[in-house]
Amino acid sequence: MTLKTLATVLGALLIVTPGWADERAQEALIERLEATETLQANFEQTTYAEGQMRGERSTGRMIVSRPLKFAWLVDEPFEQQVISDGQTLWVYEPDLMQATYQPVTDQIQQSPAMILAQPRQALGQRYDVVEASDKELTAYRLYPHDTNAMFTDMTLLFESGVISEIRLTDNLGQDTRISLTEVRVGETLDPGLFDFEPPPGTDVFEQM
């Protein structure tokens with residue numbers, strides 16, 4: 001993918017609005033995400049405000065298994081594990097020896113990871129979706145109907161049919177970009193990857 005290709009496709013999305021959305025784009029995205037049961041990738045996450053990088057870059061690994069199972073494993077700058085077995089969401093910070101847990105609620109199911117892990121249920125009638133593409137790249141922009149959603153819009157980029165980047169804009173106007181590399185899809189995963197047991201000595205709190 002060239003920068004020119006990326007700029008062309010993203011530029012096309014900028015000139016369309018939620019009013020241009022149609023069910024065909026939403027269904028195409030759902031079918032694309034449902035084409036594989038599992039997804040593994042390395043990620044690099046950066047946050048921008050007014051075009052400038054803000055905060056630290058984080059790197060790690062993402063593992064997704066439909067439905068509703070995922071592991072978001074941050075290596076740098078500080079180790080953190082966010083793990084869902086479909087019922088409970090755990091956040092573990094080894095440096096602090098602290099873990100929090102909460103049920104997988106409807107709001108959590110609207111997070112980017114959950115959209116990947118349960119696309120049809122997560123998207124449903126909750127988003128307007130617009131699509132732009134060329135020979136190499138396909139992009140989908142999602143606009144949530146809920147004004148209290150975690151983001152105002154989210155863009156999923158697919159290169160040669162494989163997801164390569166996620167972009168989010170939050171209510172404060174900050175842009176988060178998650179670049180995915182070494183993407184592997186459809187492989188059989190150990191179910192234990194999505195089980196979490198706090199190590200001895202960990203302080204455990206329920207997230208209210």
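For this structure, a couple of remarks:
- The Cβ shell under 15 Å around Asp195 holds other residues with a net charge of -2, Lys and Arg each +1, Asp and Glu each -1.
- Three semi-axes describe the equivalent ellipsoid of the chain; taken as square roots of 5 times the Cα gyration tensor eigenvalues and ordered largest first, they are 29, 19, 17 Å.
- Relative contact order (%) - criterion: Cα under 8 Å, at least six apart; region: the chain: 25 percent
- Each residue of region 135-150 is assigned a 3J(HN,Hα), and the resulting list reads 5, 9, 10, 10, 10, 10, 10, 10, 10, x, 6, 6, 5, 9, 5, 5 Hz, derived from the Karplus form 6.51 cos²θ - 1.76 cosθ + 1.60 (θ = phi - 60°), x at Gly and Pro.
- For the pair Glu37 and Asp22, the difference between a 0.36 nm per residue extended length and the Cα-Cα distance amounts to 2.9 nm.
- The C-alpha atoms of the chain define a longest principal axis, and helix 3-14 lies at about 80 degrees to it.
- Cα gyration tensor, region 46-155 - rounded (a/c under 1.5), prolate or oblate: oblate
Each value in this text was obtained by applying a stated rule to the coordinates, not by laboratory testing. From a predicted model like this one, the values you see are computed outputs, not experimental measurements. Please note: Cβ atoms are built from the backbone with ideal geometry, for glycine as well, and neighbour counts cover all protein chains shown.
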